[in-house]
1. If each residue of separation counts as 0.36 nm, what is the full-extension length gain between residue 105 and residue 206 once their alpha-carbon separation is subtracted?
2. If R0 is 30 Å, what FRET efficiency do you get for residue 49 and residue 146 from their C-beta distance, rounded to 0.05?
3. At residue 254 and residue 80, where each label point lies 7 Å from the Cα along Cα→Cβ, what is the point-to-point distance in nanometres?
4. Report, by chain and number, residues whose modeled amide H sits under 5 Å from the one on residue 176, excluding near sequence neighbours (fewer than 5 apart, same chain).
5. Hey, can you grab everything whose amide H is under 5 Å from the amide H of residue 157? Only 5+ residues off in sequence or another chain; H modelled, so Pro and N-termini drop out.
6. I'd like to compare 91-100, 268-277, 158-167: which one has the highest average count of other Cβ atoms within 10 Å, and what's the full order after that?
Amino acid sequence: MQSHQRKPRFAPRVETLESRSCPSVTAVQSGDTLRVTGTGNDILQVVATGDESYRVQSGTPIANTGGHGYHLSGTPQSFSGVECVMIQLGPGRNYLNLNLGAVPERGQAMVQIYGNGVGEIPGSNVTATNTDRNNITVDLGTGLKDHEHVRLDVAPGMGTNRFTLGGTLGRPYGGATLNDRSDLDLDYGGGGGTDSVTLNFFNLNKRSRAELNVNLGGGDDTFRMNLPQTGGGNVGAFDDRALIDLNLDGGPGNDTARFSAKHQGNQFNANLQNVESISGFTNYNNQNNNNTHNLPPLPPRPND
């Protein structure tokens, strides 16, 4: 039998820095840590191009799109030998697209995303304001491959934040697929502003596992979760051996949680706290809505 354990948090080593700049964005590799720092009002794409390889590129907005359209205009910069990616967003309005679709079978990706005033990159801490706006999208492509492990730490800071995780399968949602023995770990910590978090899944295969810890922080926040359904436009598979653990804390404020229609699987374990409005949750197995401030420990991963 194999035992799956979370990879320890990465401790950066001090080595010669390799710096490459895109307009308003700086990418610096130190050993096996890639630090990407924006100066504010940035459009940024970070793409996994293979095993421990990434491409960083900045963009510019497209006129008359209400601030939602952009095209990539900066010179793409490529990096290899990267085990940890740290992304620091600056003040103002930022768009980040993180694409991890090319992480290979048995590969690993660790990505930390920080908003204005939150980050751990030296010199990056700028005083945060509630006028900051971050739109963060994580695209897993066609899905996590066999034995692949992806860890995401997201702390967008104050202001208005939108975080979406999905993939290219299962329209209209665009859901993420987790294949056999793949692991997805997400830790999301919201600030004092308004957060909108959406998690879309399509196929949850065999012994895959997702551990999702979401703290929405202060403000009036919204959480949405779409899982594979038995009918409709997002028909996917939820294998009985797949496992999802969700710990959701709404924090202070008037918060809303919405869940998709009843799914096929039996291994969805959820604990909700401090969420004032909940819809669709009774369709799920093993649900628990606690009015406490302490999240219970996650159960151990079952043996393969």
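Please treat every number below as a calculation from the coordinates, not as lab data. Only a predicted model underlies this, so the values are computations on that prediction, with no experimental measurement involved. With ideal geometry, Cβ positions are generated from the backbone for all residues, glycine too; neighbour counts draw on all protein chains shown.
1. 34.8 nm
2. According to the calculation, E is roughly 0.95.
3. Each label point lies 7 Å from its Cα, and together they span 5.5 nm.
4. Residues meeting the criterion, in which the H sits 1.01 Å from N, are 167, 200, 201, 202.
5. Residues meeting the amide H criterion: 115, 191.
6. Peptide ranking by packing, descending: 158-167, 91-100, 268-277.
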